[in-house]
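Asks: I have a structure I would like to understand better, so I am pasting it below and will then ask my questions one at a time.
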Amino acid sequence: MCGIVGYIGPKEKKEILLDGLQELEYRGYDSAGIAIVEEGALHHFKAVGKLENLRRKTENFTSSGFGTAIGHTRWATHGKPTELNAHPHLGKFSYVVHNGIIENYQALKRELQEEGIDFLSQTDTETIVHLFEKYYTETQDAFEAFRKTVEKLEGAYATLLITEVAPDTIFFAKNGSPMLIGFDGDDIYFASSDTAVIGKAKEVYYLEDGEYGYAKSGKVHLFDANGEKEFTCKPLPADKLSAQKEGYRFFMEKEIYEQSEVVGDAMLGRVQDESIYFEELSEGFFDGIEAIKICACGTSYHAALTASYLFERIAKIRCEVEIASEFRYKEPLLSSDTLFVTISQSGETADTLEALKMAKRAGLKSLTVCNVDNSSIVRESDTAILTRAGIEKGVASTKAFATQTMALWMLVLYIGEKRGTIDKETLCREIDAMRHVPKALKVTDTLHARIHRLSKRYLHGHGFFFIGRDIFYPLALEGALKLKEISYLHAEGYPAGEMKHGPIALADSELFTIALMPKTMHYEKIKSNVEELSARDATICAISPLPFELADDFIPTTFDTHPMVEFFEMMVITQLLAMEIAIRLGNDVDMPRNLAKSVTVE
Ligand code: M6R
């Protein structure tokens with residue numbers, strides 16, 4: 001996700017910005033840029049890809065006098081990762097960097113364009129700099145122009161602006177996206193996360209939503225809706241790793257909490273009022289395609305299985321899913337009317353990559369759903385849908401799965417629309433449900449506390465069964481995988497209706513059943529499957545919006561109008577449950593034994 005740094009002072013600004021951005025690399029990005037105002041002149045540099053590219057571009061530039069400087073790493077949301085779309089964005093005499101989303105940017109952009117202002121990029125951010133310059137031209141007062149600009153912005157933002165007309169000042173505003181100000185004597189730093197200023201600033205002030213202002217001559221002037229205000233700084237934490245975790249105990253925990261936001265990012269620009277749009281898919285890409293074959297491993301395979309139900313049910317297109325390592329050696333029969341889809345968080349999984357190469361040799365068109373741009377699988381595929389989850393550090397995949405599943409659901413609707421197999425009413429209903437997902441993914445304190453409390457009852461026993469039906473079966477598989485990866489307890493995912501064909505023989509009070517019981521999908525059927533287990537004395541932990549009297553433990557859910565929304569809410573619960581059990585067992589949740597984040601060997 002995007003990162004921001006800023007600095008006012010006499011030090012070498014280029015190095016401060018590049019070092020700060022380097023510290024924010026862990027958040028993920030696909031382009032970067034810096035802008036510096038020094039001795040009244042603006043300088044800027046941008047580069048696509050790694051910070052190394054930006055370093056090379058700035059090799060011969062130094063910035064040692066007093067000045068202002070801002071920098072940014074961008075993870076593309078509005079518009080592709082190109083230099084033009086990279087921040088800082090330039091007006092005629094000012095630069096801006098921004099994290100978040102300006103929700104009303106289209107209306108603002110239209111107004112500005114009608115007044116004859118040209119836009120260079122496809123981003124929402126560029127609106128900020130043009131608004132500022134328009135108001136400056138009207139008022140000849142830089143702070144007043146910035147204040148009026150902020151007043152116009154709707155949505156989430158953390159933004160910094162520098163300008164030739166106030167060369168000793170950085171203007172800042174924050175609403176919904178994080179931003180802090182760091183102090184070391186008269187030197188003032190800005191950053192979206194404290195890792196960027198550790199070792200530089202001595203103390204920090206974490207801006208609150210609705211605050212804005214300017215920094216100049218070693219002093220910060222802070223305002224909110226009630227006018228100028230005082231503020232108190234805190235000492236800066238010294239440990240970079242814990243700062244990267246942003247207060248969470250583990251990266252996995254942070255990533256679980258991030259899901260609401262990153263799934264929203266995955267939907268940005270793609271979920272439109274009455275249709276789904278993918279700028280990465282050319283018109284006619286699906287022409288001649290009559291079937292879909294998906295190959296993936298681990299969690300990505302579970303996202304694929306979930307999608308296979310949706311492809312057939314909603315888009316009415318045949319869909320088969322295979323574990324990549326099996327597919328490679330089964331001498332599969334492939335036909336050219338089949339679209340070959342790979343799913344991968346890392347884009348480097350050897351089995352998935354090799355499966356893709358095989359399909360390409362057989363002449364199949366290919367598409368990947370991947371989290372890492374320019375990864376091997378993305379480069380090898382005809383086209384890629386990026387999941388925009390940001391870097392996932394926890395070995396146990398969480399937010400990657402959430403964004404993969406969302407991307408695939410969007411793809412189902414897109415293909416259904418293209419093939420004419422989905423009517424407007426169904427499409428609008430699905431889109432409406434999609435918009436509820438970020439809310440369903442929010443972790444409340446009550447939910448987390450409840451799961452933490454009941455996790456203590458699940459630290460022993462001879463195994464776990466996660467059971468579900470339909471799309472909740474792949475979710476059961478994923479829940480079981482999460483638990484076994486980090487707790488080292490035996491867990492299996494099963495289709496609920498299959499228990500009576502063998503596995504129920506294991507049922508006794510030491511067999512824990514995590515039952516996924518959505519209201520909107522085969523509730524009565526799964527209820528009777530769970531009753532069968534309860535009758536054999538299995539310990540039942542039911543996850544459902546409907547009370548279930550046979551449950552030994554019950555985790556209530558709140559969203560009960562669409563199976564996919566129920567799916568996402570239950571997904572978070574299974575992730576938290578696995579994590580809380582693993583923490584109680586004293587395991588390293590982020591780096592479980594025997595596992596690697598990216599499996600680049602066969
Ligand atoms: O990077 P990929 O999505 O291709 O990785 C596939 C699996 O290795 C991965 O999902 C693995 O199962 C995770 N540890 C699951 O948490």
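Asks: If you take the alpha carbon radius of gyration of the chain and divide it by 2.2 N^0.38 Å, what ratio comes out, to two decimals?
Replies: 1.02
Asks: Taking θ = phi - 60°, what integer Hz values does the Karplus form 6.51 cos²θ - 1.76 cosθ + 1.60 yield along region 30-46, in sequence order, with x for Gly and Pro?
Replies: For region 30-46, the Karplus-derived couplings read 10, 7, 8, x, 9, 9, 9, 10, 9, 6, x, 10, 8, 10, 8, 9, 9 Hz, x marking Gly and Pro.
Asks: Here's a follow-up. Over what distance in Å are the Cα centres of region 1-67 and region 70-134 separated?
Replies: If we compute the Cα centre of each part, the gap is 18 Å.
Asks: With an 8 Å cut-off on Cα pairs and a minimum separation of 6 or more residues, tell me the relative contact order of region 251-440 in percent.
Replies: Dividing the mean separation by the residue count of region 251-440 yields 31 percent.
Asks: Rounded, prolate or oblate: which fits region 445-584, taking a ≥ b ≥ c as square roots of the Cα gyration tensor eigenvalues, rounded meaning a/c under 1.5, else prolate when a/b beats b/c?
Replies: Rounded, since a/c falls under 1.5.
Asks: Also: From the Cα trace of region 366-488, what convex hull volume per residue do you get, rounded to a whole Å³?
Replies: 153 Å³
Asks: Further, regarding this structure: Let me know the shape class of region 60-164, please: from the alpha-carbon gyration tensor, a ≥ b ≥ c as square roots of the eigenvalues, rounded when a/c is under 1.5, otherwise prolate if a/b is greater than b/c, or oblate.
Replies: Oblate, since a/c reaches 1.5 and b/c is not below a/b.
Asks: Tell me, how many Å apart are the Cα centres for region 534-594 and for region 237-263?
Replies: Cα centroid to Cα centroid, the span is 21 Å.
Asks: Report the trypsin sites (Lys or Arg not before Pro) located in region 178-227 that are in a DSSP loop and have at most 14 other Cβ atoms inside 10 Å of their Cβ, or state none.
Replies: Lys202
Asks: Which of Met521, Met406 has the fewest other C-beta atoms within 10 Å, and how do the rest follow up to the most?
Replies: Starting with the residue having the fewest Cβ neighbours, the order is Met521, Met406.
Asks: Let me ask you something else. Give the long-range amide H neighbours of Phe465: residues separated by 5 or more places, or on another chain, with amide H under 5 Å away, using H modelled in the peptide plane at 1.01 Å from N.
Replies: Glu492, Phe512, Thr513, Ile514
Asks: For Glu549, Glu111, which order do you get if you count the other beta carbons within 10 Å of each Cβ and list the fewest first?
Replies: If I rank by nearby Cβ atoms, fewest first, I get Glu549, Glu111.
Asks: Taking Cα pairs under 8 Å and at least six residues apart, what relative contact order does the chain come out at, in percent?
Replies: 10 percent
Asks: Can I ask one more? Of Asn104, Asn175, Thr73, which is farthest towards the positive pole of region 3-245's charge dipole, taken about the Cα centre with +1 and -1 on the beta-carbons of Lys, Arg and Asp, Glu respectively?
Replies: Thr73
Asks: Semi-axes, largest first, in whole Å: what does sqrt of 5 times each Cα gyration tensor eigenvalue give for region 101-155?
Replies: For region 101-155, the ellipsoid semi-axes come out as 18, 13, 9 Å.
Asks: Give the long-range amide H neighbours of Leu339: residues separated by 5 or more places, or on another chain, with amide H under 5 Å away, using H modelled in the peptide plane at 1.01 Å from N.
Replies: Glu290, Ala291, Ile292, Lys293
Asks: Would you mind giving the average projected area, over all directions, of the Cα convex hull of region 3-245 in nm² with one decimal?
Replies: 11.8 nm²
Asks: Also, I was wondering about something else. Out of the DSSP beta bridges found with both residues in region 251-440, what percent are antiparallel (nearest 5)?
Replies: So the antiparallel bridges amount to about 5 percent of the total.
Asks: Can you tell me how region 1-126 classifies by the Cα gyration tensor, rounded, prolate or oblate, using a/c under 1.5 as the rounded cut?
Replies: oblate
Asks: Whole angstrom only: what separates the Cα centroid of region 308-356 from the Cα centroid of region 165-215?
Replies: The two parts, judged by their Cα centres, are 47 Å apart.
Asks: Turning to a different aspect of this structure: Assigning unit charges at the beta carbon (Lys, Arg +1; Asp, Glu -1) and nothing else, what dipole magnitude in debye, to the nearest 20, does the chain show about its Cα centre?
Replies: 920 debye
Asks: Residue by residue through region 303-308, what is 3J(HN,Hα) from phi via Karplus (6.51 cos²θ - 1.76 cosθ + 1.60, θ = phi - 60°)? Round to whole Hz and write x for glycine and proline.
Replies: Along region 303-308, the couplings run 5, 4, 4, 4, 5, 4 Hz.
Asks: Given R₀ = 25 Å, FRET efficiency for Glu510-Tyr248 by Cβ-Cβ distance, to 0.05?
Replies: 0.20
Asks: Using DSSP, restrict attention to beta bridges with both residues in the chain and report what percent are antiparallel, rounded to the nearest 5.
Replies: Roughly 60 percent of the beta bridges in the chain run antiparallel, per DSSP.
Asks: Helix 472-487: angle to the longest alpha-carbon principal axis of the chain, degrees 0 to 90, nearest 10?
Replies: Result, in degrees: 70.
Asks: Which one of Phe286, Met579, Ser275 is farthest out on the positive end of the charge dipole of the chain, using unit charges on Cβ (Lys, Arg +1; Asp, Glu -1) and the Cα centre as origin?
Replies: Going by the Cα projections, it comes out as Met579.
Asks: Between Ser275 and Phe93, what FRET efficiency comes out of the Förster formula 1/(1 + (r/R0)^6) with R0 = 35 Å and r the beta carbon distance, rounded to 0.05?
Replies: So the FRET efficiency works out to roughly 0.30.
Asks: Over all directions, how big on average is the projection of the convex hull of the alpha-carbon atoms in region 251-440, in square nanometres?
Replies: That works out to 9.8 nm².
Asks: Using the count of nearby Cβ atoms within 10 Å as a rough guide to exposure, how do Cys541, Cys295 rank from fewest to most?
Replies: Starting with the residue having the fewest Cβ neighbours, the order is Cys541, Cys295.
Asks: For region 349-364, in order, what is each residue's ³J(HN,Hα) by Karplus, 6.51 cos²θ - 1.76 cosθ + 1.60 with θ = phi - 60°, in whole Hz (x at glycine and Pro)?
Replies: Karplus values, whole Hz, x for Gly and Pro: 4, 4, 5, 5, 4, 5, 4, 4, 4, 4, 5, 5, 4, 7, x, 7.
Asks: Could I ask something else about it? With +1 on each Lys and Arg Cβ and -1 on each Asp and Glu Cβ, and nothing else charged, work out how big the dipole of region 3-245 is about its Cα centre, in Debye to the nearest 20.
Replies: The dipole magnitude comes to about 640 debye.
Asks: Okay, next question. Please determine, in degrees from 0 to 90 and to the nearest 10, the orientation of helix 523-535 with respect to the longest principal axis defined by the Cα atoms of the chain, where the helix direction is its Cα long axis.
Replies: With both axes taken from Cα atoms, the answer is about 60 degrees.
None of the figures in this text is laboratory data; all of them are computed from the coordinates on show. Source: prediction; values computed, not measured. Virtual Cβ from ideal backbone geometry, glycine too; neighbours counted across all protein chains shown.
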